Each structure stands twice: as C-alpha cells, then as structure tokens.
Amino acid sequence: MPNFPDWHGTTILAVRKGGSTVIAGDGQVSMGQTIVKGAARKVRTLAGGRVLAGFAGATADAFTLLERLEAKLEQYPEQLARACVDLAKDWRTDRYLRRLEAMLIVADRTAMFTVTGVGDVLEPDGGVAAIGSGGNYALAAALAMLDSDRDAEDIARKAMGIAADICVYTNRNLTVERLD
C-alpha cells in the first residue's frame with residue numbers, strides 16, 4: 001500500500017528451558033530509516049498471567065488480535081492450542097481480520113505457538129520461536145545457547161542482544177515476561 005509508511009521493526013523471541021518460558025521483545029519502532037519510538041511494549045501477559053504473547057507487525061492490528069485471543073482463551077480456558085487454532089481460523093476467514101498485518105508468538109507453561117494470518121499455528125521444535133525483522137538472528141543465537149547452563153531468561157536476553165547487534169530494526173530496550 002503506497003500511502004502507508006514503511007514501518008519496520010521488532011524482534012520477538014520465546015524460549016522454553018528448565019521449566020521456564022520466556023518471551024522477550026525489543027522496543028524499537030521504525031518508519032523508513034527513522035526510529036520513531038524506542039520503548040514500545042510488544043510483549044504482554046494474558047489470561048490472568050497464565051499466557052504470554054509477543055507481537056510483530058502493525059501495532060493496532062496486533063492489539064486487535066490480542067483482544068481476540070484473550071476472548072478465545074476465556075472461551076477455551078487452559079486450552080491454548082484450541083484458542084490459537086480458533087483465532088487463526090477467524091483471522092483467515094473474517095474479511096476484516098484478513099487485512100491485519102501482524103504475527104504472534106503465544107506461550108503458556110506447556111505449549112508455544114507462532115500464529116499467522118495465513119492460518120498457521122506452528123509449534124516450534126526445540127522450545128524456541130522468533131518473529132520479526134531480527135527474528136532469525138535471535139532464533140539462531142538462542143538455539144546455539146540452548147545446551148549451555150544458561151536459563152531461559154538469560155538465553156533470551158543474550159540472544160536479543162545479538163539480534164540488536166545485527167538488525168538495524170532491533171534495539172536493546174527489552175520487555176521480558178516469564179512463566180515458571
């Protein structure tokens with residue numbers, strides 16, 4: 001869409017290790033080559049603190065999806081997979097939702113999913129998932145540290161720092177949420 005600014009930027013990383021699940025997100029929002037915000041909060045707790053969610057993409061679109069996910073979690077308590085599948089189904093078939101440009105990583109104590117607008121609900125191998133412009137850098141770094149003695153939060157923070165060193169759309173101003 002030529003009338004919309006070229007918004008870039010975020011890195012969201014989820015790590016599960018040793019009974020802990022962590023989702024970390026950077027705070028940078030960029031428009032073209034300009035950083036317009038450095039401390040955006042792109043990671044949230046849902047369902048009374050039992051579910052973590054991080055988003056990449058258009059903020060208003062992501063908030064709409066998070067509200068829909070929260071409703072699905074109320075409809076299907078303690079059934080994260082079912083709530084995510086139902087959200088992805090709605091997202092793909094609803095005319096309004098279909099236009100939303102965002103991605104989510106959602107996790108509880110036992111499961112982790114990447115949810116997209118094309119109907120994907122992907123459970124990552126190895127307990128690590130990442131999205132956003134710096135996602136592949138953070139993912140690679142986290143996977144390399146998984147067999148170390150670092151805990152999930154330490155891995156997430158270090159991997160996000162590595163992504164920030166490589167991706168110009170990622171900064172070191174992190175929001176980190178954790179479930180134990």
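The values are calculated or read from the model by the stated rules, or taken from the named source; none is laboratory data. Nothing here was measured: the structure is a model prediction, and the numbers come from that model. No Cβ is skipped: glycine too gets one built from the backbone with ideal geometry, and neighbour counts run over all protein chains shown.
Listed by first and then second residue, the pairs with beta-carbon distance under 7 Å, at least 6 apart or on different chains, first residue in the stretch 147-176 and within 23 Å of residue 32 (Cβ to Cβ) and in contact (Cβ under 8 Å) with a residue 60 or more places away in the chain, second assigned to a helix (DSSP H, G or I) and not hydrophobic (A, V, I, L, M, F, W, C), are 163/137; 167/137; 172/161. On the stretch given as the stretch 34-51, residues that are among the small types (Gly, Ala, Ser) and in contact with a helix residue (DSSP H, G or I) (Cβ under 7 Å, 6 or more places away or on another chain) total 1. Of the residues 28, 33, 79, 75, the single one that is without any contact (Cβ under 8 Å) to a residue 24 or more places away in the chain, under 30 Å from residue 147 (Cα atoms) and not small (Gly, Ala, Ser) is 79. If you check 17, 42 for being over 15 Å from the mean Cα position of the chain (by Cα), buried (at least 20 other Cβ atoms within 10 Å of the Cβ), within 25 Å of residue 152 (Cα to Cα) and modelled with pLDDT of 90 or more, only one passes: 17.
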